[in-house]
Amino acid sequence: MLIKLKKPLKSMRVGLLGSRSDTMLSVFKEKGLHCELISHYSEINNTYDIVFGSGVYDLVSEKYLELPTYGIVFFHETPLPEGKGNAPLQWTVENKKLNITVTAFKAVKAIDAGAIICQFNVPIYKTDTLSVLEIKRRQGIQGCLKIILEEMDSGYLLMRDQSGRDSYNPKRTIDDSELDCNKPLIELWDKIRVCDNEKFPAFFRINNKKIILKYEVEN
């Protein structure tokens, strides 16, 4: 669906929501566009033309989703509808994907189910650790947002329904950091490199003892 915008992008009231607002803010500054930081979705009202969100971990109440003229646009790091749900970076690597695919979509009541506005790929290399993947996540969000703003600056917004294989990623637990010590280390690398060294380090067990394993990639 092609939506013709009612006013120029520079005249719009745009909000940024979520813990990665700074990632999106840098794009607006680069383009010389005004936007506002929103600390909680309850601050959203019908005077906003569009709201972009990233790093929002609470479900947004349904009544707020349609208040902005063009809705709320979230970013999710999988090729939706594949990979809805939790921990997209970790599951992307463990599922042997070659790219982080950042999807911008219009938020609806169902989780990660709205119309797709843009998808942007960032390649994953075999030595990329979780900290590197976080940087690439931000690069993907910025790349996606730049494309959307360029479209909006041209006076339109393109949305298409999600299609293809639908899947859902479960919430990760401490058990997802446990390694099978019977497997070769090279086979375990993808599982190791998406572990958080401080919060959820990789580990294995020997004689009922928990052995914690931390990693580092040297340049």
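The values are calculated or read from the model by the stated rules, or taken from the named source; none is laboratory data. Since the model is a prediction, treat every value here as computed from it, not as a measurement. A quick note on method: Cβ atoms are made from the backbone with ideal geometry, for glycine too, and the neighbour counts reach across all protein chains shown. Just so you know, the surface numbers come from the protein's heavy atoms only, side chains and all, with ligands and any DNA or RNA stripped out. Shrake-Rupley method; radii C 1.70, N 1.55, O 1.52, S 1.80 Å.
Suppose all protein chains stay in the model; what accessible area per residue would a 1.4 Å probe give for the chain, in Å²?
Numbers: 12080 Å² over 219 residues.
For the chain, the per-residue accessible area is 55 Å².
Between Lys146 and Tyr57, what FRET efficiency follows from the Cβ-Cβ distance if R0 is 35 Å, with the result rounded to 0.05?
0.90
If I take R0 = 45 Å and measure r between the Cβ atoms of Lys7 and Lys209 in this structure, what FRET efficiency does the formula 1/(1 + (r/R0)^6) give, to the nearest 0.05?
Efficiency at R0 = 45 Å is approximately 0.10.
Whose amide H sits under 5 Å from the amide H of Leu37, counting only residues 5 or more places off or on another chain, with H placed in the peptide plane?
So Leu37 has HN proximity to Leu16.
Among all helices in the chain defined by DSSP H, which have a length of 15 Å or more along the axis from Cα atoms plus a Kyte-Doolittle mean of at least -1.0?
What comes out of the filter, once short or polar helices are dropped, is 21-31, 130-153.
Using heavy-atom solvent-accessible surface (probe 1.4 Å) with all chains present, what is the largest-first order of His40, His34?
Heavy-atom accessible area, descending, gives His34, His40.
Could you give the nm distance between label points at Tyr156 and Asn95, where each point is 7 Å from its Cα heading toward the beta carbon?
Here the modelled spin labels are 3.1 nm apart.
Across segment 22-119, how many lysine pairs, 8 or more positions apart or on different chains, have C-alpha atoms separated by under 27 Å? Please give the number.
So the count works out to 10.
For Lys109 and Ser19, what does the FRET efficiency come to when R0 = 22 Å and r is the distance between their Cβ atoms, rounded to the nearest 0.05?
So the FRET efficiency works out to roughly 0.50.
For the chain, what does -39500 (n - 2.57) per DSSP helix run (n ≥ 4), summed and divided by total residues, give at 222 nm, in deg cm²/dmol to the nearest 500?
Counting only the DSSP helices, I get -7500 deg cm²/dmol.
For segment 71-76, in order, what is each residue's ³J(HN,Hα) by Karplus, 6.51 cos²θ - 1.76 cosθ + 1.60 with θ = phi - 60°, in whole Hz (x at glycine and Pro)?
Computed from phi, the couplings for segment 71-76 are x, 10, 10, 9, 10, 9 Hz.
Give, to the nearest whole percent, the P(r) tail of segment 86-219 beyond 25 angstrom, counting all Cα pairs.
Counting pairs separated by more than 25 Å, the tail of P(r) holds 38 percent.
Leaving ligands, DNA and RNA out of it, report the carbon-plus-sulfur percent of the accessible area of the chain at a 1.4 Å probe.
The C+S portion of the solvent-accessible surface of the chain is 51 percent.
Report the paramagnetic label zone for Asn121: residues of segment 76-96 whose backbone N is under 14 Å from a point 7 Å from Cα along the Cα-to-Cβ axis.
Hits in segment 76-96 for Asn121 at 14 Å: 78-80.
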